[in-house]
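Report on the structure given below.
The values are calculated or read from the model by the stated rules, or taken from the named source; none is laboratory data. From a predicted model like this one, the values you see are computed outputs, not experimental measurements. Glycine gets a Cβ as well: all are built from the backbone with ideal geometry, and neighbour counts include every protein chain shown.
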Amino acid sequence: MTTDLRQAEQIEEIREKRKFRYLPELDGLRGIGLIGMLLYHSGVIGDGALFTIEMFFALSGFLIASLFIVERHNTGRINLKRFWHRRFRRLGPALVPLFVIVTLYAVWSATAVEMNRMRGDGIATLLYSSNWWFIFSGVSYFEGFSAPSPFRHTWSLSIEEQFYLIVAVGFYFMFRKWGPDKKWYPHLMFGLAVLSALWMAFLARMSDLMAQGLWPLGIDPASLPSWAQTFFNFRAGNDPSRVYYGTDTRLQGSLVGVAMAFVVARLGQREFSQRTYEIMAFVGVGGLLLMFFGITGHGLTWIYYGAFFVADLLTAVAILAMLSPKRTLVGRALAWKPLVWIGVLSYSVYVLHWPIFVWLDNQTVLEIEGWAMVALKIGLAFIVAYLSYRFYENKIRIKGLPNGRQRLAMVVACVVVLGSFLTVTTSRAQSGEEAIALPTTPDGRIPVVMAGDSMPHTLVLHLNAAKADADAGIVLYPATTLGCGLTAGDSYLNGRLSERKETCLQWPDLWQRQVDRVNPAVSFMLAWGWDLYDRRIKDDNGEYVDLMVGTPEWAAYEGETIQRGIDILSSGGGKVVLLTMPCIDLEADTPQHTNEEVAEDHRVQAMNEVIRQKAAENAATTSVMDLNGLLCDGESYKARIDGELMSPDGIHPTPEGAKVIWNWMLPQLYDLMGIESKEDLDARLAEQKAADEQNEASDDGG
């Protein structure tokens, strides 16, 4: 039945006069890709599954370009209105059940914190711009935060729709000016794909340089507006979300597919030997499987230096092999009916599975874990997707939108679903959640904010990637401004005055937004590196005054700034921890070193004196953790602790160094919250939840 539906759909879409036969092997390959992605989202396999989406992009580029080429040869023109109408009928209907599921989740499980995030995510999803929304909202695809947005997976749908807009307009003007058969078309598309891949590698390199304490291209990131820092990935750490989400970096897959469509069109009826087809099938499909399931580990950064392009090329080889007049051995395996059926459902399953996964991860009724939970997630996703596909999506896809009363009813239903979503997310977010002894995320973890500059930023990224915070029942959220200290005024760098940029003045708003958003139980403050430089500020009379680190005037000014940070971080009722500034040792056995001016011992000592003084003045809310004592032996930096390299530059932690720091911080953090261990935390939160549910039951009872 699925084969007939698929053939009918292709006939309807193409209205073919040229031959464009249905290839069940393509759906089989989609099925394998979907399985890999579901296992990745279930936490079963590693980062190799990220290449499944890249394969989908390449397949989509090939099929869409083939449709345009066929239409141009058949009709002599390209009907853009008809194309976009077909795309809407193919992709749009699944968004309705997606919003239904998310709305139900919002009613029954989501918190006020999630509501604030979810509303914007939903609107961006409807506008097919969620990938850029996530980039500029700082939403990581990889960090181990609790209760991820149920719309987070829609980034790829946005890229697809943006590609459809670009490719449709591009083909329209290309074919109109030069016709459909230019020999250089595949070269152009392949060249653009290479540029996209190089751009991905370039942006990944920018982040790597920042993590090493270097300025990319010699540019001070603080001199750029915040949007430019984000777009060009001038962010320290190992989180590659900007590179992963970007339309500009991910077009390489779709463009390779387009290039392949031109190649196939030019080959025409030319055939390779069956042996050649067999080899191509084995190399293409086998290589993809090896990438999907053979690349393990999480938080891998090397894959952004060409590995996605390799996946695109393997997909192109696999496509060419599937065009064999006689089905290859690999093709026969891919054409296995259950695998084809999964591939036919792949879009519906992908769109609907993620909110189901999030919901099940956050529920506390079913005591299921391990493989049983994986089976429940995937099984329920397939059931819901099949019902949506069979009784709703496919009818619109094949028959088109209904007329008359049926169309009116459908429009009303869509308005009701969207209106319900906006009403629920707005009202729940405004009403807030009742206060409990320890603020928690929906899956029972404690939100903790790390505020400051690139030091805590890098620490959070490493710990998120390793899921070290999640394993401890904690969720770490960054509130960081890279390349910036806290105090106003211009800095003296190597005897020269360096103007402080406007972006460095935004930290109070950033911190306040993060506190309001996540309601942290504890906030750590580590923002001292840039404040070790002497400064020039304006006094109350508008006159310039030089503040030299260590002087009473400097200490008073620095203390006022730290007090402002304490007031913001404690405004939600949480506690504040000031981490002391580690020593800066130019002779430390690290690969690189920082500026020698701030390595003067009296600067770090003066800063830590002010830190301890402010903690004492705010003893009711604020305490100190001596990071300097952990990382330094007197004035000497400990380049290695327990055999692990702590930092590449004596400032920013390595992934291994971050774990050492976390293992030192965690017992103190537990003690600050009045708990002894992860088990004690679980027990306490269970008691709080039971009391909370009892109060809700009492309220419902009148």
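Checking each residue in segment 151-194 for being over 29 Å from the mean Cα position of the chain (by Cα) and either of a type in the set (D, E, K, R) or not in a helix (DSSP H, G or I) (or both) picks out 176, 177, 179, 180, 181, 182, 183, 184.
Restricting to segment 349-364, name every residue that is closer than 13 Å to residue 153 by Cβ and out of contact with any His (no Cβ under 9 Å at 6 or more places or on another chain). Residues satisfying the conditions are 349, 352, 356, 358.
Can you confirm whether residue 140 is assigned by TED's automatic domain parsing to the domain that holds residue 62, closer than 23 Å to residue 363 by Cα and within 12 Å of the chain's Cα centre (by Cα)? Spelling it out, residue 140 is indeed assigned by TED's automatic domain parsing to the domain that holds residue 62, closer than 23 Å to residue 363 by Cα and within 12 Å of the chain's Cα centre (by Cα).
If you go through segment 352-369 and keep only what is more than 19 Å from the chain's Cα centre (by Cα) and modelled with pLDDT of 85 or more, you end up with just 360. Entry remark, segment 515-539: residues being β-branched (Val, Ile, Thr), within 23 Å of the chain's Cα centre (by Cα) and surrounded by fewer than 22 Cβ atoms within 10 Å (Cβ to Cβ) number 0 in total.
Looking across segment 540-579 at every residue that is under 27 Å from residue 515 (Cα atoms), without any contact (Cβ under 8 Å) to a residue 12 or more places away in the chain and of a type outside the set (Gly, Ala, Ser), the one that is surrounded by the most Cβ atoms within 10 Å (Cβ to Cβ) is identified as 567. Contact annotation: residue pairs with Cβ atoms under 7 Å, 6 or more positions apart or on different chains, pairing a residue in segment 601-620 that is closer than 12 Å to residue 578 by Cβ with a partner that is assigned to a helix (DSSP H, G or I) and at pLDDT below 85, are 607/531; 607/532. Within segment 185-201, residues that are surrounded by fewer than 17 Cβ atoms within 10 Å (Cβ to Cβ) reach partners that are part of a helix (DSSP H, G or I) and among the acidic types (Asp, Glu) with beta carbons closer than 7 Å, at six or more positions or on different chains, in the pairs 199/248. Within segment 651-680, residues that are basic (Lys, Arg) have Cβ atoms under 7 Å from residues that are in a helix (DSSP H, G or I) and buried (at least 18 other Cβ atoms within 10 Å of the Cβ) in these pairs: 659/466; 659/468, counting only partners at least 6 apart in sequence or on another chain.
Condition check ((1) under 20 Å from residue 504 (Cβ atoms); (2) outside the structural domain of residue 653 (by TED's automatic domain parsing); (3) among the small types (Gly, Ala, Ser)) across all residues:
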| position | (1), (2), (3) |
| --- | --- |
| 520 | no, no, no |
| 528 | yes, no, no |
| 531 | yes, no, no |
| 537 | yes, no, no |
| 543 | no, no, no |
| 549 | yes, no, no |
| 556 | no, no, yes |
| 564 | yes, no, no |
